[in-house]
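**Student:** Pasting a structure below so you can have a look.
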Amino acid sequence: MKMDTDVLARVEELYDRGLYLQALEAGESLGDLRRWPGTEGRILAGRLAQNLGGARLGRVLYRLAWRADPASPMACYYQGTATLGRFGPLSAWKFLQKADPPAQPPTSIHANWFGLHAEVLATLRDFQRADEWLNRAEELVPDEPFLWVQRAHVWEQEDRLDDALGAARRSMEIRPWFRPGVQMTASLLCQLNRNEEALALLSEASEKLESGLILWQLASLEIETERYAEACEVLERIDRYLPLVEKDLVKQLAALHADAAYQHGDHATAARLAPLAEHAYFNNMAERLADMPAEGKRSILPVEAVRQHHQTCAPATLTALGRYWSKPVDHQEVVQEICYGGTSAQKERVWAEEHGFLAREFRVTAESTAALIDRGVPFALETQGTDWGHLQAIVGYDTRMGTFLVRDPSNLMRGE
């Protein structure tokens, strides 16, 4: 058993350095990842699986560890994270209320357990209580790196992006090239429209860490910033870092690679990969690339991303359109002027007209979109359901795909 303990210690040391392939190799003497011994072995195997493309396997191992050892703080914590990720904050909160791992002696897992309470409460928008749980966690283990990532998550949901960025960077000060800290920092830099810094960080991290998740985030950002050749190169080598890849991830990566190849002009590769995504949009791509000539027009206007806050899609979209026309618009000022639990269409039009724009309603068709985009005029599109509405900007079109290109303020990456 001492040999198993020594092996697990070596695996965890490599894992903490982000060397996931080497960690998997170091654990080969333990046999099948699904049968690593003990609670700590199962949890470590689950964490490794999560970083090597086996998200579902990781969740299964967390649950098995918790069912076998429900008093283990480590098992409780990882089962709690799996519950939040799969079933959402209400189920996670119910689990947190039932599970009661021993609190002594305090360890980094106890700090993360408190931090998980904070993340769930933040998702439910109870930020005061979330901060109380974070402060309790920091009192226990102030230098736990993932606690600072949890704090960054909470502050991000509270729209305190600069504070969140500082917390994410603090996690990397505690542990250089801490993979969750790198990814959180890069995400926040993008939300602050500092894409070049995010690209530099992810590019350097991709050389230091054995992480398919880092490469995925890097490729996504390269597509967003129209570095399509670089994105294709990253996606061509990502498989090596995801040896436990599951079907859902295969489909997502195929979609990403098909998109990058198409925009790079490699239509043959895009047509080959698109059906693997098993998604209506990419089925459409495969059919159109197979049946249509290569000619077509793709036009995109340079409308920057503006991240919405809670229920502020209209102010964020109006801010993005205002900035496109070089009119200084402050997102928060627009929120104060026109928002109350969302934004009515009437208030959107009044704001636009009071700030020097003309507001006109019209039916969005392929012809009207092309006419406006070709004249350099992006516009706002409101989609509506029975009890919700969402405002986003149409910033381009693609005649070959028969699609509109969209700046959705709830997503930093341009949509289609």
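**Student:** Lys/Arg Cβ at +1, Asp/Glu Cβ at -1, dipole of segment 18-81 taken about the Cα centre: which of Pro73, Ala45, Leu19 is farthest positive-ward?
**Tutor:** Towards the positive end, the residue furthest out is Pro73.
**Student:** Let me check I've understood the local charge: for Thr83, count other residues with C-beta under 10 angstrom from its C-beta, Lys and Arg +1, Asp and Glu -1. What total comes out? List each step's numbers first, then the result.
**Tutor:** Numbers: positive: Arg59, Arg63, Arg86, Lys94; negative: none.
Local charge sum for Thr83: +4.
**Student:** Can you give the accessible area of Ser29, probe radius 1.4 Å, in Å² rounded to 10?
**Tutor:** In the full protein context, Ser29 sits at about 90 Å².
**Student:** Hey, another quick one. State which stretch of the chain is the longest one without any exposed chymotrypsin sites (Phe, Trp or Tyr not before Pro), exposure meaning a DSSP loop state and at most 10 other Cβ atoms within 10 Å. Can you show the working numbers first?
**Tutor:** Working: sites that count: Tyr340, Phe362, Trp388.
Between the exposed loop sites, the longest stretch runs 1-339.
**Student:** Also, I was wondering about something else. Pairs of Cα atoms under 8 Å, at least six residues apart: use those to get the relative contact order of segment 288-416, whole percent.
**Tutor:** Relative contact order for segment 288-416 comes out at 34 percent.
**Student:** Based on the Cβ-Cβ distance of Ser326 and Glu236, what FRET efficiency does E = 1/(1 + (r/R0)^6) give at R0 = 60 Å, to the nearest 0.05?
**Tutor:** Efficiency, rounded to the nearest 0.05: 0.95.
**Student:** In degrees between 0 and 90, to the nearest 10, how far off the longest principal axis of the chain does helix 127-140 point, with axes built from Cα atoms?
**Tutor:** 30 degrees
**Student:** A further question on this structure: What percentage of the solvent-accessible surface of the chain, computed with a 1.4 Å probe over protein heavy atoms, is contributed by carbon and sulfur atoms?
**Tutor:** Roughly 50 percent, rounded to a whole number.
**Student:** Next question, about the same structure. Could you check the spin-label model distance between Glu226 and Glu139? Points 7 Å from the Cα along Cα→Cβ, value in nm.
**Tutor:** 5.3 nm
**Student:** While we're on this one: Which number comes out as Rg/Rh for segment 128-250 once both Rg and the Kirkwood Rh are worked out on C-alpha atoms?
**Tutor:** Values: Rg = 15.6 Å, Rh = 15.3 Å.
Reported Rg/Rh, Kirkwood definition of Rh: 1.02.
**Student:** If the chain between Asp16 and Asp248 were fully stretched, how many nm would it gain, using 0.36 nm times the residue separation less the Cα-Cα distance?
**Tutor:** Between Asp16 and Asp248, full extension yields 80.9 nm more.
**Student:** To continue, here is another question. In nanometres, what is the gap between the two model label sites at Trp388 and Ser344, each 7 Å from Cα along Cα-to-Cβ?
**Tutor:** Simple spin-label model gives 2.2 nm for this pair.
**Student:** Based on Cβ point charges of +1 for Lys and Arg and -1 for Asp and Glu, what charge dipole magnitude is obtained for the chain about its Cα centre, in debye rounded to the nearest 20?
**Tutor:** 840 debye
**Student:** With a 1.4 Å probe and all protein chains left in place, how much accessible area per residue does segment 245-385 have, in Å²?
**Tutor:** Normalised by residue count, the accessible surface of segment 245-385 is 56 Å².
**Student:** Over the chain, what is the relative contact order in percent, taking alpha-carbon pairs closer than 8 angstrom and at least six residues apart? Provide the component values of the computation, followed by the final result.
**Tutor:** Numbers: 620 pairs, mean separation 41.7, N = 416.
Answer for the chain is 10 percent.
**Student:** Moving to a separate point now. What size of dipole, in debye to the nearest 20, comes out for segment 68-209 about its Cα centre when the only charges are +1 on Lys and Arg C-beta atoms and -1 on Asp and Glu C-beta atoms?
**Tutor:** About 400 debye.
**Student:** Then there's this: Write out the trypsin sites (Lys or Arg not before Pro) in segment 60-148 meeting two conditions: DSSP loop, and at most 15 other Cβ atoms within 10 Å of their Cβ.
**Tutor:** Answer in residue order: Arg125.
**Student:** Would you kindly state how much longer the chain becomes between Arg160 and Glu132 on full extension, computed as 0.36 nm times their sequence separation minus their alpha carbon distance, in nm to one decimal?
**Tutor:** Here the segment from Arg160 to Glu132 would lengthen by 8.4 nm.
**Student:** Which sequence of Glu173, Glu138 reflects their accessible areas, 1.4 Å probe, from the largest down? Working shown, then result.
**Tutor:** Details: Glu173 125, Glu138 60 Å².
Of Glu173, Glu138, the descending order of accessible area is Glu173, Glu138.
**Student:** Which pairs, out of Lys251/Lys297; Lys98/Lys247; Lys327/Lys347, put more than 29 Å between their alpha-carbon atoms?
**Tutor:** Lys98/Lys247
**Student:** Compute the helix-to-body angle for 161-174: its Cα long axis versus the longest principal axis of the chain, expressed 0 to 90° and rounded to tens.
**Tutor:** Result, in degrees: 30.
**Student:** Further question on the same structure: Using only the alpha carbon atoms of segment 301-366, find the Kirkwood hydrodynamic radius as the inverse mean reciprocal pair distance, in angstroms to one decimal.
**Tutor:** About 12.4 Å, per the Kirkwood formula over Cα pairs.
**Student:** With all protein chains present and a 1.4 Å probe, how do His267, His110 order by accessible area, largest first?
**Tutor:** Largest accessible area first, the residues go His267, His110.
**Student:** Below 8 Å between Cα atoms, with a sequence gap of 6+, how large is the relative contact order for segment 244-350 in percent? Walk me through the intermediate numbers first.
**Tutor:** Numbers: 92 pairs, mean separation 16.9, N = 107.
After rounding, I find 16 percent.
**Student:** Can you give me the angle between helix 313-324 and the longest principal axis of the chain, using Cα atoms only, in degrees from 0 to 90, rounded to the nearest 10?
**Tutor:** 60 degrees
**Student:** So which residue, out of Arg360, Arg35, Arg307, gets the largest mean-square fluctuation from a GNM of the chain using Cα contacts under 10 Å as springs?
**Tutor:** Judging by the Gaussian network model, the answer is Arg360.
**Student:** Using 7 Å Cα-to-Cβ label points, what is the Glu361/Arg34 separation (nm, one decimal)?
**Tutor:** Going from the Glu361 label point to the Arg34 one covers 5.7 nm.
**Student:** Length gain on complete extension for the stretch Ser299 to Met413, per 0.36 nm per residue less the alpha carbon to alpha carbon distance?
**Tutor:** Numbers: separation 114, 0.36 × 114 = 41.04 nm, distance 1.65 nm.
Net length gain for the segment: 39.4 nm.
The values are calculated or read from the model by the stated rules, or taken from the named source; none is laboratory data. All of these numbers come straight from a predicted model, not from anything done at the bench. Heads up, the Cβs are rebuilt from the backbone with ideal geometry, glycines too, and the neighbour counts pull from every protein chain shown. The area values use the complete protein model at the heavy-atom level, side chains included, leaving out ligands, DNA and RNA. Shrake-Rupley method; radii C 1.70, N 1.55, O 1.52, S 1.80 Å.
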